[in-house]
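Okay, structure first, notes after.
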């Protein structure tokens, strides 16, 4: 297949194998025309819409047509990103089949067709929490190349990613990053990885896992929230008090099940770790 033809990349995931929620694929694709897919997304937001004032005044015409990001990307030969594809209804998803198969978008009202120009591509993203919500049809799946984005296997790599992004976010928000940031990031990553993996890092204690995924991006959000707290309400140093409320919020998605999971983790693991004593105390207070 010639490289300029629209080959779609469908980012999907299974726990530990494919992209988890909050993987921040948008960070890699800031220049792409984007459609944010939701349960309310309809065909008009994927294909094209109409300016009804012009439509009623002059009838169907190119001037009355309202192009979507997908339409513009086809005309201009650029990249289009469909964010959270599986949140869309299956019937709306299937409007993409003609675009992916024939590289064209029919406009029956005008007896016209938009053909994809050189450079047009589609990247669609989804995560494992959406899998099964609106499962892709077999016909649509066959038209995508699947790219897997796993979580970092190595703890040091994950800490490095979070540290870099927190520093970048701090710079953009004009919030200085405390000198002890790396030490606190390591503690947060330790908690995330143990709850995510269902066992302590040394493998000695088996743990229950919460309903959330505790992704790297969620750890970044926890630390950026703590950064704001430390700068505006603290003493410009990261502390458990600055981070714990965001940390508990990231872990406890289900107020009943996840709360029990976290309480057991606090009592069986963190309580016995001297360097986590402040987290044990403040997270219990938040709970």
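Of the listed requirements (1) closer than 27 Å to residue 82 by Cα; (2) surrounded by 14 or more Cβ atoms within 10 Å (Cβ to Cβ); (3) within 21 Å of the chain's Cα centre (by Cα); (4) touching a residue at least 40 places away in the same chain (Cβ under 8 Å), residue 211 misses just one: (2).
With 133, 146 as the choices, which residue is in contact with a helix residue (DSSP H, G or I) (Cβ under 8 Å, 6 or more places away or on another chain) and more than 30 Å from residue 266 (Cα to Cα)?
One residue alone meets the criteria, 133.
Name the one entry in 68, 86, 95 that is surrounded by 14 or more Cβ atoms within 10 Å (Cβ to Cβ) and closer than 29 Å to residue 216 by Cβ. Matching residue, one of 68, 86, 95: 86. Conditions first: (1) assigned to a helix (DSSP H, G or I); (2) in contact (Cβ under 8 Å) with a residue 40 or more places away in the chain. Residue 246 passes all but one, so which condition is the exception? It is condition (2) that residue 246 fails. Just so you know, in region 148-164 the residues that are touching a residue at least 60 places away in the same chain (Cβ under 8 Å) and surrounded by 15 or more Cβ atoms within 10 Å (Cβ to Cβ) include one that is nearest to residue 178 (Cα to Cα), and it is 162.
Being surrounded by 12 or more Cβ atoms within 10 Å (Cβ to Cβ), touching a helix residue (DSSP H, G or I) at 6+ places or on another chain (Cβ under 6 Å) and farther than 25 Å from residue 196 by Cβ is the requirement here; does residue 114 meet it? For residue 114, the condition - surrounded by 12 or more Cβ atoms within 10 Å (Cβ to Cβ), touching a helix residue (DSSP H, G or I) at 6+ places or on another chain (Cβ under 6 Å) and farther than 25 Å from residue 196 by Cβ - is met. I'm checking my understanding of the structure. Among residues of region 214-237 that are surrounded by 19 or more Cβ atoms within 10 Å (Cβ to Cβ) and part of a loop (DSSP other than H, G, I, E, B), which one is farthest from the chain's Cα centre (by Cα)? So, considering only residues that are surrounded by 19 or more Cβ atoms within 10 Å (Cβ to Cβ) and part of a loop (DSSP other than H, G, I, E, B), the one farthest from the chain's Cα centre (by Cα) is 214.
Is one or more of the residues making up region 186-206 farther than 16 Å from residue 279 by Cβ and part of a helix (DSSP H, G or I)? Looking for residues that are farther than 16 Å from residue 279 by Cβ and part of a helix (DSSP H, G or I), one finds at least one in region 186-206, hence yes. Taken together, the residues in region 210-227 that are at pLDDT below 90 and more than 19 Å from residue 161 (Cα to Cα) amount to 2. The condition of being out of contact with any strand residue (DSSP E or B) (no Cβ under 8 Å at 6 or more places or on another chain), surrounded by fewer than 18 Cβ atoms within 10 Å (Cβ to Cβ) and part of a loop (DSSP other than H, G, I, E, B) holds for residue 176.
The values are calculated or read from the model by the stated rules, or taken from the named source; none is laboratory data. Just so it is clear, the model here is predicted, and its values are computed rather than measured. Cβ: placed from backbone, ideal geometry, glycine included. Neighbour counts: every protein chain shown.
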